[in-house]
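The block underneath contains the structure these notes are about, expressed in structure tokens.
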Amino acid sequence: MIRWTRLADVLAPTAPPERLATFRVLVTGFITAYLLVRLPVFLALGDNHPSRFEPVGVISLLNQPLPSTAVKLVAAATVVLGGAAFVGFRFSLSGPLFAVLVLAVFSYRSSWGQILWFEHLMALHGAVVGFSPAADALSLDARRSSPRAVAHVRYGWPVRLAAIITVTTYLIAGVAKVRIGGLDWVEGESLRNHIAFSAARTEVLGGFSSPLAKPLMNLPWVLTVPAAGSVLLELAAPLALAGGPLRRVWVVATWSMHALIAASMFVVFAYPLYGIAFAPLYRLEHLGPRIVATTRSLRRPARSSR
Amino acid sequence: MTLITVTALLWPIVSGADSFPLSTYPMYATARPRQGSLVTAVGLDDQGREIRLSLALIGSTDDPLIAESLLRTAVRQERTGRLCTEIAARTARDAQRHEVIDIVVLTELLDLVDLVAGTAPPSERTVHATCAVRR
């Protein structure tokens, strides 16, 4: 009985509404900004030749690409709904619609012969946020409603679920390396060759490769630790759910892995690099007050120096 | 709900199906050899000299992953001729590439490490399509 209670506490903890609301702000804010920055790419999907269409996920329901106008309208609507979900406006409608459209838009982008793995976690977290009561605090909806929402399991389990999704995706990536690459992967040479492939591909396609790539070519032994470390990190991802030092070490090490990938291969996984992927592992209700306190403490010396 | 979600996330490990948003996350999972082949497109000037084209001209993108996928799919679907014509049309509109008169779509077999280290010997090449840049 006690064990079941503990398991319930782990999987569905009671939390203040600000925890889920802060996660909503982070996820919808990041995805909306991402869509805005990459909007030309999403709009251009409507101009792709139909012969390239290889639908994946929910897009498999379509037997041909959408008309160009429909693609542009859906992309624009996703951005608008992202803004509404970010500020928590009519969230019971804007939240689910945003989640569905993000899934559709990202799936559509991966339906042209290349699955883009850096968008999976965003879509999954978007779905968790969109279909949860994530606007019961820190939102326009919450301003209009009364009484103020209080701590409840419904604000705790979606964030916990998002944390479990984060670590599970890393675990699957680790399993893939062990299953496909085996022990060869951890010897460093394979990672060196991946860096070489990434740089060579960029060069023959007229782009710019990382300046770190060239010096690393003659030093495969330097990459043995990062190669073995990345597989271990991915397989050990579920340990981050324990919190405390294990979480801290895992998050810092995994972020560093992404930073190394970005620096050596110019392959940027923005969602983890900006920390949003790891956000649900923390008690996010403290983030807002901390930012406010830090901002105030930074302002004080500036005022006193006048 | 948590159990259902985790089961769904882990399902691709059993099924082997890489999709969206459920995936096997196979990126960088292979033990990559130092030799590899890359499909690309290059320009030729009137002296037959080779000119590297940009990502935007080759694939209408700024992402090498997407450009590579576009080229590989074209080779797989045996429609490099049309892709060559599309690249030629984009090149014709680019004033900075006025010296390019022909486009060649080809596969290069490379020693990737030597290429990046700057000591690459001439690569083995397979030409898939050649087309003229019409201005």
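Annotations for the structure displayed:
- Scanning region A:60-71 for residues that are assigned to a helix (DSSP H, G or I) and over 19 Å from A:Glu119 (Cα atoms) gives A:Leu61, A:Ser68, A:Thr69, A:Ala70.
- Pairs where the first residue, in region A:31-43, is free of Cβ contacts under 8 Å to residues at least 12 places away in the same chain and the second is open to solvent by less than 40 Å² (accessible area, probe 1.4 Å), C-beta under 8 Å, 6+ apart: none
- Scanning region A:88-101 for any residue that is over 30 Å from A:Ala262 (Cα atoms) and of a type in the set (Phe, Trp, Tyr) turns up at least one such residue.
- Each residue in region A:204-227 was checked for being at the interface with chain B (Cβ under 7 Å from one of its Cβ atoms) and assigned to a helix (DSSP H, G or I), and 3 pass.
- Matching residues in region A:87-101 - criterion: being crowded, with 23+ Cβ neighbours inside 10 Å, in contact with a Leu (Cβ under 8 Å, 6 or more places away or on another chain) and in a helix (DSSP H, G or I): A:Ser94, A:Phe98
- The sole residue among A:Asp184, A:Asp141 that is away from chain B (no Cβ under 13 Å), in a helix (DSSP H, G or I), acidic (Asp, Glu) and free of Cβ contacts under 8 Å to residues at least 60 places away in the same chain is A:Asp141.
- Any chance B:Arg93 is over 13 Å from the mean Cα position of the chain (by Cα), in contact (Cβ under 8 Å) with a residue 12 or more places away in the chain and more than 7 Å from chain A (Cβ to nearest Cβ): no
- Residue in region A:273-285 that is in a helix (DSSP H, G or I), modelled with pLDDT of 90 or more, under 30 Å from B:Thr40 (Cβ atoms) and open to solvent by less than 70 Å² (accessible area, probe 1.4 Å) present: yes
- Of all the residues in region B:19-56, those that are under 19 Å from the mean Cα position of the chain (by Cα) and either at pLDDT below 90 or within 7 Å of chain A (Cβ to nearest Cβ) (or both) number 14.
- Residue in region A:141-174 that is farthest from A:Leu7 (Cα to Cα), counting only those that are in contact with a Phe, Trp or Tyr (Cβ under 6 Å, 6 or more places away or on another chain) and hydrophobic (A, V, I, L, M, F, W, C): A:Ala173
The values are calculated or read from the model by the stated rules, or taken from the named source; none is laboratory data. Every value quoted in this text rests on a predicted model; they were computed, and no experiment measured them. Virtual Cβ from ideal backbone geometry, glycine too; neighbours counted across all protein chains shown. Note: areas computed on protein heavy atoms with side chains; ligands, DNA, RNA excluded. Shrake-Rupley method; radii C 1.70, N 1.55, O 1.52, S 1.80 Å.
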